[in-house]
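> Input: one structure, supplied below.
What follows is calculated from the coordinates using simple rules that are stated; it is not laboratory data. A quick note: this is a predicted structure, and the numbers were derived from the prediction, not measured. Don't worry about glycine lacking a Cβ; one is built from the backbone with ideal geometry, like all the others, and counts go over all protein chains shown.
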Amino acid sequence: MRGSARMAFLAVPVLVSATALASMTAGAAGGNTDHSAATSPTPSIVQDDYATAKGLIDRERYRDAIPILEKLVAKNPADTDALNELGYSHRELGREQRALNYYLQALAIEPGHVGANEYLGELHLTMKDLPKAEERLAVLQKACGNCEEYSELKEKIADHRTKQQS
């Protein structure tokens with residue numbers, strides 16, 4: 001899922017702060033300088049934060065991405081994409097239990113989340129639990145057919161089996 005095309009549009013973070021955006025909007029609307037609207041997260045601000053976190057993850061800067069993702073989840077505990085990326089970041093840092101908790105939170109909200117199912121399957125392989133990884137593969141097949149996430153997990157399971165037989 002790292003190279004997923006559906007997330008490609010988020011790859012470039014917007015470098016305008018909420019206060020600057022409110023100021024520009026107020027100036028265009030006739031000089032209203034009330035910045036109270038800038039204190040609550042707007043969808044574009046949330047997308048910017050998510051894009052920033054994804055960019056950090058893509059550069060393997062997981063420790064830097066985690067606080068941004070945690071802030072997003074604090075604002076919206078049902079943000080399954082942020083929960084999934086928190087799980088991924090913690091897994092990449094070797095924090096298996098934390099990763100497991102985040103994946104399970106995402107899947108409790110959205111059981112068919114393809115990213116969380118793929119990554120949870122990969123975590124199960126890391127934890128040497130092939131049957132649970134295969135469960136995630138079956139869920140992925142039902143959720144998305146022969147999608148990229150399904151194919152990647154299927155390949156990793158095959159590699160895991162090969163290594164076990166060696």
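> For the residues ILE157, ILE109, what sequence is obtained by ranking on other C-beta atoms within 10 Å, fewest first?
The fewest-first ordering by Cβ neighbours comes to ILE109, ILE157.
> Which aspartates and glutamates have a Cα less than 13 Å from the Cα of LYS132, not counting those fewer than 8 places away in the same chain?
Once the sequence-local aspartates and glutamates are set aside, what remains near LYS132 is GLU118, GLU122.
> Subtracting the Cα-Cα distance from 0.36 nm times the residue separation, let me have the gained length for GLN97 to GLN164 in nm, one decimal.
Using 0.36 nm per residue and subtracting the Cα-Cα distance, I get 21.8 nm.
> Still on this structure, I have one more. So what does log10 I(q)/I(0) come out to for region 111-166 at q = 0.23, 0.28 Å⁻¹, using the Debye formula with one equal point on every Cα and no solvent?
Values, matching the q order: -0.76, -1.07.
> Could you tell me the calculated FRET efficiency between LEU130 and ASP64, based on Cβ-Cβ distance and R0 = 30 angstrom, to the nearest 0.05?
0.35
> Something else about it: Run down the lysines and flag those whose C-alpha is under 18 Å from the C-alpha of LYS71, throwing out any fewer than 8 positions away in its chain.
Output for LYS71: LYS54.
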